[in-house]
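Take a look at the structure set out below.
Nothing in this text is a laboratory measurement; each read-out follows from the coordinates by a stated rule. Values in this document were obtained by computation on a predicted structure and should not be read as measured data. Using ideal geometry, Cβ is built from the backbone for each residue, glycine included, and neighbour counts are taken over all protein chains shown.
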2 protein chains.
Amino acid sequence: VPDTPPFGTVAIVGVGLIGGSIALAARERWSGVLVVALDRPAVLAHALGSGAIDRGVGTLAELGDPDLIVLSAPVRQNVELLEQLAASGTRAIVTDVGGTKRHMLEASRALGGAMTFIGGHPIGGAERGGFAFARPDLFTGRPWIFTPPAETGPAADSEVGRALDRLFQFAGGLGARPSTMDAGQHDTLMAFLSHLPQLTASALMETAGAAAASEGLRLAGRGLVDTTRLASSPPGVWRDICATNADAIGQALDQLIARLTELRSDLARGDAIEAVFAEASRWRAELMKGRE
Amino acid sequence: VPDTPPFGTVAIVGVGLIGGSIALAARERWSGVLVVALDRPAVLAHALGSGAIDRGVGTLAELGDPDLIVLSAPVRQNVELLEQLAASGTRAIVTDVGGTKRHMLEASRALGGAMTFIGGHPIGGAERGGFAFARPDLFTGRPWIFTPPAETGPAADSEVGRALDRLFQFAGGLGARPSTMDAGQHDTLMAFLSHLPQLTASALMETAGAAAASEGLRLAGRGLVDTTRLASSPPGVWRDICATNADAIGQALDQLIARLTELRSDLARGDAIEAVFAEASRWRAELMKGRE
């Protein structure tokens, strides 16, 4: 990665966990980069105070003329922001960091405009949202999936291809491992890898909490604590993810419900139960390959 | 806790994660205690070499005349061991550390004999089973639930009451917080707090693994990793827990499946989804009270 930043001025809309970490990582990586951010005044004050951003603004128009605009609000708010950006006539490269990708791609197709939009999904993740939990190493070694329209690779000789090349340099510079994927394939895969675990953790926490009540929860071991960690994720983010990936998540839920129903009827059948546990244990070992 | 150990000689049958940790913790707590263990020769060699036990044997008869016998094999093997102990005429106090408690209590009632049996359940937990993962601080600050027959407290003036008093001293000496609970109440509560998370983690791992395959799993974030940690638990232990608590686990599974089915139909309904997530988040905060 050259020391010249792929984007001289980066505008970040929504300085939460992801947006804030992008700001911190970009300024740590490229001394010459200028980071402008749009958020509520209290968040901007915090981000300015910690040196994550150079300038904070309250409207899209005040962002000026950035080279890159990163939308990092919840998904449906990102769609509204994209509409406003298309109407503004900006010629910037625009990306987002939302957990679902078809919805944004469809919106960008309908909008046109002078901007070049390529959706993205950095797979970091931390227990809590918000700028307070942002850190410059959030993306180190983690995948960052871009979902360009059609089959555009970073080497393609087109406006989108050149934009993708610069986005790869940007994500790679922040420590991530950039790749591309079809938006539909992304949403189906993430329904199982990300959205299903989230819904499962929340449903499990609600079920166990309602049955055990506060006093009973004090007798819970580390198993319940780990399995329900995701249940403290921000509700607003997940509301949008569920709404914009309902078909794929529905299918993932169907498969989990079918497995749980099968397990239920096998409880007293030792061999069947042991086989399920052994199979799950094998997949778990696969999941952990190359992780600490 | 006095420096005189509540039990001068402790016999541990099955020196895995729990049995091994009891041995290590007891020897660390009371210099005068003698720990005898029964297990396979390789495990005994490991336990002897690390100083966890004083003597290793291959049969119950060789245990001699211990004051306390701790059964820490999988649940159904514990039942067989209890039958052999009853037949041997031992006058020892006997406890177990299995995750279900009705089954052992019923077995002990049917057996009689000169021994005094009181089931127990130390709630520690670690990612992996086996003596290699045993550690003397496994029980520090954690609950240790005893399930005496009927409503016997540690102060009761009876043989069971006196045995319970000594077991409380023993568990407390190892750093745990001992308490009593009705065996049926224990099994119902643990169906939700321990057995349901285990089955959920395994079912989720199997579903996500089958859908994403090895290549896809590399794109998973920390969410799936945490939510499926339990999926690497030893299958044999869980086979027995499912078999001996099938009714209570079945009811817990029914409630989880009902919630997941509800979530499935609410995916596109933002308010309903947000309400579920908010409720789960509140229970999660309850669960985490007083934990790090």
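3J(HN,Hα) couplings calculated from phi for the range A:133-143 with the Karplus curve 6.51 cos²θ - 1.76 cosθ + 1.60 (θ = phi - 60°) are, in sequence order, 9, 5, 8, x, 9, 4, 9, 4, x, 9, x Hz; Gly and Pro show x. Counting only DSSP beta bridges with both residues in chain B, the antiparallel share comes to about 15 percent. For B:Glu106, the label point sits 7 Å beyond Cα toward Cβ; its separations from the matching points on the remaining copies run 5.3 nm, from shortest to longest. Label positions at B:Arg269 and B:Arg291, each projected 7 Å from the Cα along the C-beta direction, are separated by 3.1 nm. Of the residues B:Val237, B:Val276, B:Val15, the one that moves most in a GNM of chain B with alpha-carbon contacts below 10 Å is B:Val276.
For the range A:13-22, backbone phi angles converted through the Karplus equation (6.51, -1.76, 1.60; θ = phi - 60°) give residue-by-residue couplings of 9, x, 9, x, 4, 6, x, x, 5, 4 Hz, Gly and Pro being listed as x. Just tell me which lysines come within less than 29 Å, Cα to Cα, of A:Lys101; anything on the same chain fewer than 8 places away is out. List returned: A:Lys289.
Shown for B:Thr59, B:Thr90, B:Thr261, B:Thr9: other C-beta atoms within 10 Å of each C-beta, ranked fewest to most, produce the order B:Thr59, B:Thr261, B:Thr9, B:Thr90. Measuring r between the beta carbons of A:Asp3 and A:Arg40 and using R0 = 35 Å, the FRET efficiency lands at 0.55. DSSP finds beta bridges in the range B:68-151, and of those with both partners inside it, around 40 percent are antiparallel. Per residue, chain B reaches -16000 deg cm²/dmol at 222 nm when only DSSP H runs of four or more residues are counted, each adding -39500 (n - 2.57). For A:Thr180, the residues whose amide H sits under 5 Å from its own are A:Phe146, ignoring neighbours fewer than 5 places away on the same chain, with H placed 1.01 Å from N.
Per-residue mean of foreign Cβ neighbours for B:233-241 is 5 (Cβ atoms of other chains, 10 Å radius).
Rounded to the nearest 10 degrees, the inclination of helix B:102-111 to the longest alpha-carbon principal axis of chain B is 30 degrees.
Annotation note: trypsin sites (Lys or Arg not before Pro) in the range B:89-153 located in DSSP loop regions with a Cβ neighbour count of at most 16 within 10 Å are B:Arg91, B:Arg128.
Considering only A:Glu83, A:Glu206, A:Glu106, the mean-square fluctuation computed in a Gaussian network model of chain A, springs between alpha carbons under 10 angstrom, is largest for A:Glu206. Relative to the globular-protein estimate of 2.2 N^0.38 Å, the Cα radius of gyration of chain B stands at 1.10.
Taking the Kirkwood radius as Rh and the Cα radius of gyration as Rg, the range B:105-244 has a ratio of Rg/Rh equal to 1.07. Angle of helix B:270-288 to the longest C-alpha principal axis of chain B, folded into 0 to 90 degrees and rounded to 10: 20°.
Considering only DSSP beta bridges with both partners in the protein assembly as shown, what is the antiparallel share in %, to the nearest 5?
Of all bridge pairs located within the protein assembly as shown, approximately 15 percent are antiparallel.
Sorted from closest to farthest, the other copies place their A:Ala275 label points 4.1 nm away, with each point set 7 Å from Cα along Cα→Cβ.
Couplings 3J(HN,Hα) for the range B:242-253, derived from phi with the Karplus relation 6.51 cos²θ - 1.76 cosθ + 1.60 (θ = phi - 60°), are 4, 5, 9, 9, 4, 5, 5, 5, x, 5, 5, 4 Hz, where x marks Gly and Pro.
Between B:Gly98 and B:Gly120, the built amide H atoms are under 5 Å apart, and every one of these is 5 or more places off in sequence or on another chain.
Annotation: amide H of B:Ile69 within the under-5 Å range of B:Ala11, B:Ile93, B:Val94, B:Thr95, sequence separation 5 or more or interchain, hydrogens built in the peptide plane. Here is how far apart the B:Pro41 label points are across copies: 7.9 nm, shortest first, using a point 7 Å from Cα toward Cβ. Between the helical axis of B:75-88 and the longest alpha-carbon principal axis of chain B there is an angle of about 10 degrees.
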